[in-house]
Amino acid sequence: MTGDLVAVWEVALSDGVHRIEFEHGTTTGKRVINIDGKETIRRDWMFKLVGKETFYVGGTNTKATINIEAVSGFAYEYTLEINGKSLKKYMENRSKVTSTWLLNLDGIDCRVVLEKDTMDIWCNGQKMETAGEFVEDGTETHFTVGEHDCCIKAVSSGKRRDGIIHTMLVDGMEVSDIS
């Protein structure tokens, strides 16, 4: 780390939580973006100290933009946009379109994410092979994690406002979601 580190964000995507670090050298014009500790963009001797840097994050290649704005004198404000939305708006929307479960299987921490719009399931950054089926009260999407049989059930809540309820089962036992 250098003394030019000005902003750090944690962004939860389907393939995991990514750490984005931004270095901005206001005297040298340097801009560096690190994602998960790996340098992705480096620009030296940028004469325009304000502007935008656009890049892609994670295995899903999600578009991200850092906005650099002058606030007063030599003070700057840095904001992160994900898919064209402020990070706050993106995360609020994301909690509506995904369900996330954290569990420990055979001593390994697992983060399982269901993308409700596509019914894609991710576990620790890997898109899972799934088999979906219609059942009497909704749908079931089956997949395996290690030696464990997993299933995400989608059932109507019976209330328009609540919509569809997603429940995850591992080896037949229900797991609580965090979203």
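Listed conditions (1) more than 30 Å from Leu5 (Cα to Cα); (2) without any contact (Cβ under 8 Å) to a residue 24 or more places away in the chain are all met by Thr27, apart from (1). Is it the case that some residue within segment 142-154 is more than 16 Å from Asp15 (Cα to Cα), assigned by the TED database to the domain that holds Val50, β-branched (Val, Ile, Thr) and touching a Leu at 6+ places or on another chain (Cβ under 8 Å)? No, every residue in segment 142-154 fails to be more than 16 Å from Asp15 (Cα to Cα), assigned by the TED database to the domain that holds Val50, β-branched (Val, Ile, Thr) and touching a Leu at 6+ places or on another chain (Cβ under 8 Å).
Could you say whether any residue in segment 159-167 is assigned to a strand (DSSP E or B) and surrounded by 17 or more Cβ atoms within 10 Å (Cβ to Cβ)? Scanning segment 159-167 turns up at least one residue that is assigned to a strand (DSSP E or B) and surrounded by 17 or more Cβ atoms within 10 Å (Cβ to Cβ). On the stretch given as segment 136-158, residues that are assigned to a strand (DSSP E or B) and either open to solvent by less than 60 Å² (accessible area, probe 1.4 Å) or among the aliphatic types (A, V, I, L, M) (or both) total 12.
Of the candidates Gly51, Gly59, the single residue that is under 30 Å from Glu174 (Cα atoms) and open to solvent by less than 70 Å² (accessible area, probe 1.4 Å) is Gly59. Checking each residue in segment 110-135 for being among the hydrophobic types (A, V, I, L, M, F, W, C) and loosely packed, with under 14 Cβ neighbours inside 10 Å picks out Ala131, Phe134, Val135. Scanning segment 9-36 for residues that are in contact with an Asp or Glu (Cβ under 7 Å, 6 or more places away or on another chain) and open to solvent by 60 Å² or more (accessible area, probe 1.4 Å) yields Val17, Arg19.
Rundown of residues vs (1) among the acidic types (Asp, Glu); (2) over 29 Å from Glu21 (Cα atoms), yes/no style:
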| residue | (1), (2) |
| --- | --- |
| Leu87 | no, no |
| Asp109 | yes, no |
| Cys123 | no, no |
| Leu169 | no, yes |
| Val175 | no, yes |
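The values are calculated or read from the model by the stated rules, or taken from the named source; none is laboratory data. Note that the structure is a prediction, hence the values are computed from the model and not measured. So basically every Cβ, Gly included, is an ideal-geometry build from the backbone, and we count neighbours across all protein chains shown. What goes into the accessible areas is simple: the full protein's heavy atoms, side chains included, and nothing from ligands, DNA or RNA. Shrake-Rupley method; radii C 1.70, N 1.55, O 1.52, S 1.80 Å.
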